[in-house]
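Asker: One structure, as structure tokens, below. Some questions next.
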Amino acid sequence: MAAAVYVGDGKVAVQDVPAPAPGPGEVLVEVAECGICGSDLHMVFDRYATPGAILGHEWSGIVAAAPGDSAWAPGDRVVGTSSPGCGRCRPCRRGRPSVCLNRPAPDFSGYRGAFCQYKTVAADGLLRIPDSLPTRVAALAEPMAITLHAVRLADVHAEDRVLVTGAGPVGLLLVAVLRSRGISDITVSEPSAVRRQQALAVGAARVVAPDTLEPPPMALPVAEPYAVAFECSGHAGALEAALGQLDYAGTLVVVGTGFEPPRVNQNRMIIFELEMIGAYNYDDEGFGPAVHLLDEGHLPFDALIEPSNGPLGDVMVSMERLARGEIPSKVMVQPSLVAP
């Protein structure tokens with residue numbers, strides 16, 4: 001089968017690789033669409049992936065083969081759902097299995113994602129796509145589940161002023177979800193002009209360039225502070241700026257991944273009693289609520305997803321354009337476009 005494979009030195013190339021064979025309790029899935037995630041960019045451009053790895057984890061697909069005793073049949077449309085935690089440790093008991101203490105550490109040395117034509121999945125690791133939900137929209141289930149988790153952790157309310165730093169695909173999805181929850185006073189800080197316009201299209205009340213944010217006064221809030229901020233860019237400077245924009249008892253939720261550590265003003269955090277929390281993966285309900293929200297059809301999908309799917313051969317150039325901020329929305333890769 002064809003796959004977009006990390007070949008080292010910050011590069012991805014299409015290669016012919018052996019198609020996987022399902023083992024006991026597994027289902028063979030033909031990948032329909034797979035979104036390019038910000039973590040995929042880090043794995044490639046920061047060279048964290050191991051040569052030979054197939055990235056891509058935001059996927060939807062169609063069952064190609066299933067064991068006779070399985071609940072699945074060829075032709076079923078599915079997404080891969082999250083793996084539950086142990087159910088016993090402290091995070092699991094608090095409804096946060098994404099950081100289960102008994103979950104094995106991630107291993108990217110032999111990662112086999114969905115930038116390929118076929119993948120095997122445990123039969124109990126699938127969730128059926130409703131008939132009314134398009135397959136390419138269903139591929140947003142994974143980032144949507146992450147977004148819902150971040151919003152829950154923030155405990156954001158309709159009357160809150162909200163700041164979102166970074167209007168890439170995750171930031172745009174977060175704005176759309178906030179609007180769906182009745183939160184309308186949303187400001188988006190983003191350096192890219194095209195992404196600022198896209199933020200308005202998905203529901204932001206206003207957009208600003210990062211360098212126009214008011215520098216925080218010493219021991220005082222800015223003139224128009226925010227109750228909640230979501231940092232979605234992964235840039236250290238954006239996190240530092242977001243903290244400075246918070247009001248008393250404000251909350252910063254860190255969503256975007258980055259590798260340059262920010263400088264945190266601990267005195268401001270103390271005086272303002274600020275809270276900063278990371279949002280990693282999903283709630284204990286997994287992908288179910290995400291699929292349900294997507295199926296309601298109220299979100300601006302035309303602005304959240306790029307209009308055309310790309311073939312595997314476009315993965316590298318799309319990653320480069322996403323990293324430069326030239327593409328505002330989610331890029332969907334369609335592996336079948338390279339099929340003979």
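Asker: Which is more than 18 Å from I327 (Cα to Cα) and charged (D, E, K, R), of R181, R196?
Answerer: R181
Quick grid of which residues meet (1) of a type in the set (V, I, T); (2) open to solvent by less than 40 Å² (accessible area, probe 1.4 Å):
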| site | (1), (2) |
| --- | --- |
| I129 | yes, yes |
| E142 | no, yes |
| R152 | no, no |
| H157 | no, no |
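Asker: Suppose the filter is of a type in the set (A, V, I, L, M, F, W, C) and assigned to a loop (DSSP other than H, G, I, E, B); does A158 pass it?
Answerer: Against the criterion (of a type in the set (A, V, I, L, M, F, W, C) and assigned to a loop (DSSP other than H, G, I, E, B)), A158 qualifies.
Asker: Can you run down the residue pairs with Cβ atoms below 9 Å, 6 or more apart or on separate chains, where the first is in region 133-144 and touching a residue at least 12 places away in the same chain (Cβ under 8 Å) and the partner is among the β-branched types (V, I, T) and assigned to a helix (DSSP H, G or I)?
Answerer: Taking only residues 6 or more apart or on different chains, the pairs are L133/V291; A138/V291; A141/V291; P143/V170; M144/V177; M144/V291.
Asker: Right, here's the next one. Answer yes or no: is there a residue in region 188-209 that is touching a residue at least 24 places away in the same chain (Cβ under 8 Å), β-branched (V, I, T), buried (at least 18 other Cβ atoms within 10 Å of the Cβ) and closer than 26 Å to E296 by Cα. Quick ask: steps written out before the conclusion?
Answerer: Step one: list which residues in region 188-209 are touching a residue at least 24 places away in the same chain (Cβ under 8 Å), which gives 188-192, 194-199, 201-204, 207.
Next, only the ones that are β-branched (V, I, T) stay: 188, 194, 202, 207.
Adding the requirement that they be buried (at least 18 other Cβ atoms within 10 Å of the Cβ) leaves 188, 202, 207.
Restricting the remaining residues to those that are closer than 26 Å to E296 by Cα gives 188, 202.
There is at least one residue in region 188-209 that is touching a residue at least 24 places away in the same chain (Cβ under 8 Å), β-branched (V, I, T), buried (at least 18 other Cβ atoms within 10 Å of the Cβ) and closer than 26 Å to E296 by Cα.
Asker: Do the conditions hold for I270, that is, is it without any contact (Cβ under 8 Å) to a residue 12 or more places away in the chain, of a type in the set (A, V, I, L, M, F, W, C) and open to solvent by 20 Å² or more (accessible area, probe 1.4 Å)?
Answerer: Criteria met by I270.
Asker: Among the residues of region 210-231, write down those that are open to solvent by 20 Å² or more (accessible area, probe 1.4 Å) and either at positive phi or among the hydrophobic types (A, V, I, L, M, F, W, C) (or both).
Answerer: L213, M218, A219, L220, A223, A227
Asker: Out of region 242-258, which residues are over 19 Å from E214 (Cβ atoms), among the aliphatic types (A, V, I, L, M) and open to solvent by less than 30 Å² (accessible area, probe 1.4 Å)?
Answerer: V253, V255
Asker: Could you list, in sequence order, the residues of region 168-179 that are aliphatic (A, V, I, L, M) and modelled with pLDDT of 95 or more?
Answerer: Kept after step one, since they are aliphatic (A, V, I, L, M), are these residues of region 168-179: 170, 172-178.
Within region 168-179, L172, L173, L174, V175, A176, V177, L178 meet the criteria.
Asker: Return the only residue of S39, S83, S60 being over 27 Å from G313 (Cβ atoms) and surrounded by 14 or more Cβ atoms within 10 Å (Cβ to Cβ).
Answerer: S83
Asker: Within region 63-73, restricting attention to residues that are surrounded by fewer than 17 Cβ atoms within 10 Å (Cβ to Cβ) and among the hydrophobic types (A, V, I, L, M, F, W, C), which residue is farthest from L126 (Cα to Cα)?
Answerer: A73
The values are calculated or read from the model by the stated rules, or taken from the named source; none is laboratory data. All values reported here derive from a predicted model rather than from experimental measurement. Glycine gets a Cβ as well: all are built from the backbone with ideal geometry, and neighbour counts include every protein chain shown. Side chains are part of the model used for accessible areas, which takes the heavy atoms of the whole protein and leaves out ligands, DNA and RNA. Shrake-Rupley method; radii C 1.70, N 1.55, O 1.52, S 1.80 Å.
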